[in-house]
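For reference, the structure discussed in these notes is given below.
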Amino acid sequence: MADTAPRPAAQNRRKAGRHRGEGQWAVGHFTPLNANEQFKKDDDGLNVRTRIETIYSKAGFDSIDPADLRGRMRWWGLYTQRKPGIDGGKTAILEPHELDDEYFMLRVRVDGGQLSVQQLRTIGEISQEFARGTADITDRQNIQLHWIRIEDVPEIWRRLEGVGLSTTEACGDVPRVILGSPVAGIAADEIIDGTPAIEESHRRIVGNPAFSNLPRKFKSAVSGSPLLDIAHEINDVAFVGVDHPELGPGFDVWVGGGLSTNPKIGVRIGAWVSIDEVADVFEGVVSIFRDYGYRRLRNRARLKFLVADWGPEKFRQVLEDEYLLRKLNDGPAPAAPLAKWRDHIGVHQQKDGRYYVGFAPKVGRVDGTTLSKIADLAAEHGSDRLRTTVEQKMLILDVTEEQVQPLIEALDALGLQAKPSAFRRGTMACTGIEFCKLAIVETKARGAALIEELERRLPEFDEPLSININGCPNSCARIQTADIGLKGQLVRDKDGNQVEGYQVHLGGALAMEDSTFGRKVRGLKVTADELADYIERVVRRFEEQRADGEPFAKW
Ligand code: SF4
């Protein structure tokens, strides 16, 4: 664990002003204004680890304090999962304890999406031994396991930490996993390798009690790829590779992005930072969030609301004047990416002459045995490095030219395609009703079935098309950023019966000169059974009507 610096909020304490009612610490408002703020004040979420190790894992599920169970355990990547058999119509009606199963989802953070063969093998073994073989690659580059018993958590931590992995602050009101370009350090077209900045930011911030009580979750990303491959616009802070005309390669700073019910595209603060400055700025932005962030209402607590109120100029000024105590250099915006696909799937030459192979599990769902086999395949083909992507996909790095084709064939035998259809490549799904307590509908199995159906109906289609499926109004699978976003809800079928279905959002796009969220198509709801028919119709119309080379978002 990192150092325990005192919270500098006290230094920044202001007289109570007109924003006092938002609960910002920086204006002296330390009285908790909701139940979440209260449990965070009562005890730091990081402290629950000791209780898990010494009490809960020995005395069992029923011994867990409710404030730990539904609150602080998230600080160590643990969420109770949904009790099987409860349908989506009951999600909003039942009390939290009625939805809780006595098993947990465990999120393993994979900062930068970077894994060694040994690390992946360890996760695969843990999945098989403790998680009934479950494993999902998430759209934030993490790996999630299910069916975890509290009794097994200390042993799981011991094994993860033995290979340099952790679940520290994988969930909760804390700095979550730091996204990174899946091709950091290897891509031939890279502007700058962000890996050292991710490592230094992680070292200073993750597990540090100075940053373990934030108003809400804090999402971050660092990429020096010109493909803009980390969805930087929807993170609380993001560092995007740019080449400054005088200062050289560095990063453009973005703040205040986020999805869920009030989605906002992040804004540039117009500053260029060198690789050595990233951790300072990262720490400064987290500190602003801790000190000035809104703590009154949970649904107005993300950094995006403060940024929207302040604007980028004031945000930069506070960052420079109160936290960095120096001015930042001005810098240029990143250029729009030229590539048609930006997901790193397929075979690509690295700057050292070797190759990386990106491949696609369906909607991020794998299993422990498959993870172990992927680790074995990487090792057998001369690689010790793997990466996860923000599209729920994976890469094996450092493959020699002779080993590329044998590796592709071996992956294919596992059902993992390096030349996937556009639908397998472009479809993501959140956890959904199988395990998530907030879910209203099924997502993963439906997403996998949808891919197979669209591959059968539209075998020639080969254009970038993102189809993102959420199980509820939250946005864990980024529905607002997709070409076709599907928000799970209960709808009426043609006979008037209430069935699982989706509200459709169309035309979302990131990393274009005009990034935009998809439009909610008023009244356009499809039942789960109609989904393939609907998407087939949209795709066929797109193919007929679009101008040459026109992407879906512009159509
Ligand atoms: Fe659960 Fe909703 Fe997030 Fe899906 S979008 S994982 S259903 S909270």
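Since every read-out is calculated from the coordinates, none of them should be taken as a lab result. Here the structure is a predicted model, which is why all the values come from computation and not from measurement. Please note: Cβ atoms are built from the backbone with ideal geometry, for glycine as well, and neighbour counts cover all protein chains shown.
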Distance in nm between residue 43 and residue 203 label points, each 7 Å along Cα→Cβ, equals 3.2
Are there cysteines in the chain with no other Cys C-beta under 4.7 Å, and if so, which? 171, 436, 472
So, in Å, what gap is there between the alpha-carbon centers of the stretch 108-168 and the stretch 60-100? 21
Extend 7 Å from the Cα of residue 349 along its Cα-to-C-beta direction; within the stretch 166-198, residues with backbone N under 12 Å of that point are 188-189
How large is the convex hull of the C-alpha atoms of the chain per residue, in Å³? 150
What length, rounded to one decimal in nm, is gained on full extension from residue 188 through to residue 132, with 0.36 nm per residue of separation minus their alpha-carbon distance? 16.2 nm
Listed highest first by mean packing, meaning other Cβ atoms within 10 Å per residue, what order do 465-475, 306-316, 333-343 come in? 465-475, 306-316, 333-343
Going by a ≥ b ≥ c, the root eigenvalues of the Cα gyration tensor, does the stretch 223-324 fall in the rounded group (a/c under 1.5), the prolate group (a/b larger than b/c) or the oblate group? oblate
Any chance you could check the Cα centroid distance between the stretch 350-374 and the stretch 476-555 for me, in angstrom? 28
Amide N proximity, the stretch 432-457 versus residue 540 label position 7 Å along Cα-to-Cβ, cut-off under 20 Å: 450-457
Can you compute the FRET efficiency between residue 554 and residue 325 using 1/(1 + (r/R0)^6), with r the Cβ-Cβ distance and R0 = 56 Å? Round to the nearest 0.05. 0.80
Determine the sum of side-chain charges near residue 518: Lys and Arg each +1, Asp and Glu each -1, restricted to other residues whose C-beta is under 11 angstrom from that of residue 518. +3
Label model pair residue 92, residue 519: point-to-point distance (7 angstrom along the Cα→beta-carbon line) in nm is 2.6
Return the FRET efficiency for the residue pair residue 340, residue 62: r is the Cβ-Cβ distance, R0 is 56 Å, and the value is rounded to the nearest 0.05. 0.55
Please report the net charge: other residues with Cβ closer than 10 Å to the Cβ of residue 468, K and R +1, D and E -1. -1
Going through the cross-link list 373/444; 393/554; 340/419; 419/487; 494/525; 393/444, which pairs have a Cα-Cα distance over 18 Å in this structure? 373/444; 393/554; 419/487
Principal axis dimensions, largest first and in whole angstrom, of the stretch 204-264 by Cα: 39, 30, 16
Note: residue 50 to residue 313 extended length (0.36 nm per residue) minus current alpha-carbon separation gives 90.4 nm
